[in-house]
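Since the structure comes first, as C-alpha cells, the remarks are kept for the end.
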Amino acid sequence: MTLFKALAAACLAAGLSAAVHAQLPEPLEAALSMTLAERTPARLAMRWTMEGESVTFEMRPSADGPPAYRLLEPDEAALSERQREVWTSVTRERTPDAGDDEGSSRPGAGVNVGSFDFSGLRAAIGGSATLEQTLPDGALVYSFAPRALPGGNETPEAMLEALRGEVIVDPRRGELRRFRLFASDSFKPNLAARIERFSLRQDYVHDATLDGPRFAAFEMSMAGSAAFQRFERTLLIELLSVDWRDSSAAAQDLGAAGDSP
C-alpha cells in the first residue's frame, strides 16, 4: 500500500534540513536540539516483523558499496512465504534506474543509528506542546497537534487533522525517548479510503558509546478500507544490538561484548 510505505519512510527519514520554529518548553527544546556526530557501526543486528511474522538478520555497512546482510533466524530453508517477503524487502538493493520513489519508499530504508537531526520532528510539533504528565521515572510526556509528518512528505490535510502526537523526554539526560502519532477516531485521508486504526511510534535508548540517544524501534499499524477492499498492515523494526567498532573490525566475528544495549 503506497500510503503505508510513504508514511513509514517519512518517519524513518534522517538528515532533514533544519527549520526555525518558536522555542518549545524545556527540556523538550534541549532534546530536539541535540546533535550527534555521524558514526557508522561495524554491525547491526535487527529484527523486522510484518503482519506478525519476523526475520532476524545482521547488517554490516560498507564504505564503498551496499551493506552486507546475513539471515540469523529462521534458517532460509524454513522461511514462510511472508517471512521470505520480509527478507526480500530487507535485502532488495536500490538500482540506478529504480528512481527515487522506489528506493526511498522501502520501509526502513532511512534508519540511521549514529547521527540524528530532529528538525523534522520539530517541524511536525510546530511551536506548541503541552506537558500532559510526569511518569514515575521522571520522564515528561508532551502532547501536540501534528503540523506535518516528521519526514516532511506531503500529507493529506484530513489525516493531519485526525492525528494526535505525543513525545516523551528524559529530562535528566535531555534526550528524546519516544514520539508517537495516532488517530483516536476513523478518518478519510481521501475520497477513496477510510482509515479505521492508525498508530506510529519511534523509540530511542541512551547509548553510552554515543553519549546520546540511538534508534531502538519503529512500529506502525494501519487498518481500514480502500477502493472497497479492506486492508490491515503492521510493521515493527527493532534494533537489537550495535557494534560501534570501526570498519577494520567489520570482517571479524563480533561478540556480545562489542554490542550496545
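We did not get these values from a lab; they are worked out from the coordinates using the rules stated. Not measured: the values here are computed from a predicted model.
Near the amide H of residue 116, within less than 5 Å, lie the amide hydrogens of 36, all on another chain or at least 5 residues away, with H placed in the peptide plane. The 3J(HN,Hα) values that the Karplus relation (6.51, -1.76, 1.60; θ = phi - 60°) gives for the stretch 125-131 are, in residue order, 6, x, x, 9, 8, 10, 6 Hz. Gly and Pro appear as x. Each residue of the stretch 76-88 was assigned a 3J(HN,Hα) from its phi angle through the Karplus expression (A = 6.51, B = -1.76, C = 1.60, θ = phi - 60°), giving 4, 5, 9, 4, 6, 4, 5, 5, 5, 5, 4, 4, 5 Hz with x at Gly and Pro.
With a ≥ b ≥ c the root eigenvalues of the C-alpha gyration tensor of the stretch 176-237, is it rounded (a/c under 1.5), prolate (a/b larger than b/c) or oblate? In terms of gyration-tensor shape, prolate. Each residue of the stretch 226-240 was assigned a 3J(HN,Hα) from its phi angle through the Karplus expression (A = 6.51, B = -1.76, C = 1.60, θ = phi - 60°), giving 8, 6, 6, 10, 7, 9, 8, 10, 9, 9, 10, 10, 10, 9, 7 Hz with x at Gly and Pro.
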